[in-house]
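S.K.: Sharing a structure here in structure tokens format.
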Amino acid sequence: MADAIKKTTNKEISIIQKKAEFYTPEEKHFALMPMYGEPVTGQWWFHQAVFDNGWTVQINFMIMNWIPDVWLELQSPDGAVTVKHFLHAPEDLRYVPEVHDISFGKSRIHGKWPNYEMHVEEEGFACDLAFEEVTQSVFMPPDGVFVGRMQPPATPVYLGYAVHPRSLVSGKMIVEGKEISVKGEGYHDHQWQNTPQSRFPATQWHWSSIKIKDYTLMWWDMTCAELGYQHFSFLWCLKGKEVIEFEPHCNYYVVPSDFEIDPVTMFPCQKKIQVLFDMLTIKGTMTYKKKKVLISYPLGSLKEQTEKGNPNRVYRRLLADLHVDLEILGEKVVGDSVEIIEFGL
């Protein structure tokens with residue numbers, strides 16, 4: 001089987017690359033999703049960036065039951081962490097139908113698709129960041145929903161997901177009155193679901209979007225209680241700008257090790273995560289080793305946490321040293337980078 005993969009011809013690769021258009025979302029998939037007829041909904045526009053000067057940032061424009069909320073998670077080079085929520089009134093939400101243009105008060109995402117700008121203006125923090133697409137955007141056809149079904153007849157729970165796997169990010173941040181110029185690489189997605197955030201349809205998961213040489217890989221491994229504890233492992237692989245592989249049910253396996261007690265939640269969390277690939281087109285390993293914790297907090301509703309005394313679930317994001325040793329469509333891909341990996345347990 002491996003020999004057959006190594007003999008992949010240019011014609012066969014061309015056929016694979018024709019998938020790129022099939023898996024490319026339109027601008028409307030990054031616009032506000034109305035989800036008519038759903039009494040309880042949630043959607044968010046998540047952004048993360050790792051900057052050359054040692055700063056990292058995660059900014060989430062989130063709407064839960066039509067209440068807009070800007071989430072900020074900011075990490076300085078010396079390890080200081082800032083976590084803030086900027087809750088807005090419902091009338092602060094403004095958007096353009098089927099256009100990637102969403103505002104929460106003075107904070108706004110907009111631009112000439114597929115590139116865009118983000119302006120955040122909140123108490124104690126502001127930024128102007130430009131996102132320039134390095135790879136194409138991706139989603140699961142026909143409408144971006146990968147858990148459940150949004151098209152009639154819709155399922156009781158569904159989750160949609162449209163992704164910018166890799167962008168150049170540049171601009172400035174103003175932190176407590178101090179201006180900081182930044183440039184680096186980042187990631188952006190739009191997710192929408194017909195269920196509260198506390199019932200996010202993933203009981204456990206590991207997620208990361210990584211760059212190595214000319215390749216970008218975005219993978220998400222999860223277990224879904226809402227759908228009978230089904231296991232989902234999917235992966236996007238892009239070379240240069242275009243998708244060359246997408247698998248919704250992958251043969252890769254996440255192996256955590258080297259545990260420590262998280263001081264925020266008192267939950268045992270892994271410092272090392274190895275991903276073992278045994279796919280037809282991708283084989284080998286990726287190994288993440290913790291550099292520092294970016295954010296950690298208990299999962300579940302406040303009621304669940306209070307009743308149980310201690311949180312029985314945790315959300316954690318790590319900045320990690322990554323070593324890649326893969327074979328992708330017969331090409332050996334070996335290298336190192338610094339990446340973000342998140343997990344919910």
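S.K.: Return the sequence-ordered ³J(HN,Hα) values of the stretch 250-260 in whole Hz as given by the Karplus equation 6.51 cos²θ - 1.76 cosθ + 1.60 applied to θ = phi - 60°, using x for Gly and Pro.
M.R.: 9, 8, 9, 9, 9, 10, x, 7, 6, 7, 9
S.K.: On a C-alpha basis, how far is the centre of the stretch 87-110 from the centre of the stretch 321-345 in Å? Whole number, if you could?
M.R.: A separation of 35 Å, based on Cα centres.
S.K.: Further, regarding this structure: Quick one: length gained pulling Asp78 to Val334 fully straight, 0.36 nm per residue minus the C-alpha distance?
M.R.: Numbers: separation 256, 0.36 × 256 = 92.16 nm, distance 2.98 nm.
Roughly 89.2 nm would be gained on extension.
S.K.: May I ask for the Kirkwood hydrodynamic radius of the chain, worked out over all distinct Cα pairs and given in angstroms to one decimal?
M.R.: Values: mean 1/r = 0.0478 Å⁻¹.
So the Kirkwood estimate lands at 20.9 Å.
S.K.: While we're looking at this one, here's another question. As I understand it, the dipole of the stretch 202-345 uses +1 on the Cβ of Lys and Arg and -1 on the Cβ of Asp and Glu, about the Cα centre. Which of Val275, Gly344, Tyr229 lies farthest toward its positive end?
M.R.: Of Val275, Gly344, Tyr229, it is Gly344.
S.K.: Have a look at Asn53, His29, Met150 and report the one farthest towards the positive end of the charge dipole of the stretch 23-198, computed about the Cα centre with Cβ charges (Lys/Arg +1, Asp/Glu -1).
M.R.: Result: Met150, furthest along the dipole toward the positive end.
S.K.: Right, another one. Report the relative contact order of the chain, percent, no decimals, based on alpha-carbon pairs under 8 angstrom and at least 6 residues apart. Intermediate results must be reported in sequence, preceding the final value.
M.R.: Details: 863 pairs, mean separation 47.3, N = 345.
Across the chain, relative contact order equals 14 percent.
S.K.: Follow-up question, since we're still on this one. What's the magnitude of the charge dipole for the stretch 202-345 around its Cα centre, counting Lys and Arg as +1 and Asp and Glu as -1 at the beta-carbon? Answer in Debye, nearest 20. If you can, show how the numbers build up before the last one.
M.R.: Values: 17 positive and 19 negative charges, 91 e Å.
Roughly 440 debye, rounded to the nearest 20.
S.K.: Here's something else I'd like to know. Please work out the C-alpha center-to-center distance from the stretch 41-63 to the stretch 111-151 and express it in whole Å.
M.R.: With the stretch 41-63 and the stretch 111-151 each reduced to a Cα centre, they are spaced 10 Å.
S.K.: Turning to a different aspect of this structure: Assuming R0 = 41 Å, can you tell me the calculated FRET efficiency for the pair Lys172 and Val40, based on Cβ-Cβ distance, to the nearest 0.05? Mind showing how you got there, number by number?
M.R.: On the way: r = 38 Å, r/R0 = 0.91.
That gives a FRET efficiency of 0.65.
S.K.: Same structure again: Return the calculated 222 nm mean residue ellipticity for the chain, to the nearest 500 deg cm²/dmol, obtained by summing -39500 (n - 2.57) across DSSP H runs with n ≥ 4 and dividing by the residue count. All intermediate terms of the calculation are to be shown ahead of the outcome.
M.R.: Details: 4 runs with 24 residues, N = 345.
Taken over the chain, the calculation gives -1500 deg cm²/dmol.
S.K.: For the stretch 85-93, what does the Karplus curve 6.51 cos²θ - 1.76 cosθ + 1.60, with θ = phi - 60°, yield as ³J(HN,Hα) per residue in whole Hz, taken in order and with x for Gly and Pro?
M.R.: These are the phi-based 3J(HN,Hα) values: 10, 10, 7, 10, 6, x, 6, 6, 7 Hz.
S.K.: Then there's this: Can you pull the three principal axis extents for the Cα set of the stretch 43-120, in Å, largest first?
M.R.: 40, 27, 19
S.K.: I would also like to ask the following. Between Thr155 and Lys241, what is 0.36 nm times their sequence separation minus the Cα-Cα distance? Round to one decimal in nm. Walk me through the numbers on the way to the answer.
M.R.: Details: separation 86, 0.36 × 86 = 30.96 nm, distance 3.36 nm.
Separation in residues times 0.36 nm, less the Cα-Cα distance, equals 27.6 nm.
S.K.: Using only the alpha-carbon atoms of the stretch 23-198, report the extent along each of the three principal axes, biggest first, to the nearest angstrom.
M.R.: 51, 35, 28
S.K.: Rg over Rh of the stretch 202-345, using C-alpha atoms and the Kirkwood radius, what does it come to? Don't skip to the answer; put the middle values down first.
M.R.: Working: Rg = 16.1 Å, Rh = 16.1 Å.
My calculation of the ratio gives 1.00.
Values quoted throughout were computed directly from the atomic coordinates according to the rules given, and no laboratory measurement underlies them. This is a predicted model, so every value here is computed, not measured. Please note: Cβ atoms are built from the backbone with ideal geometry, for glycine as well, and neighbour counts cover all protein chains shown.
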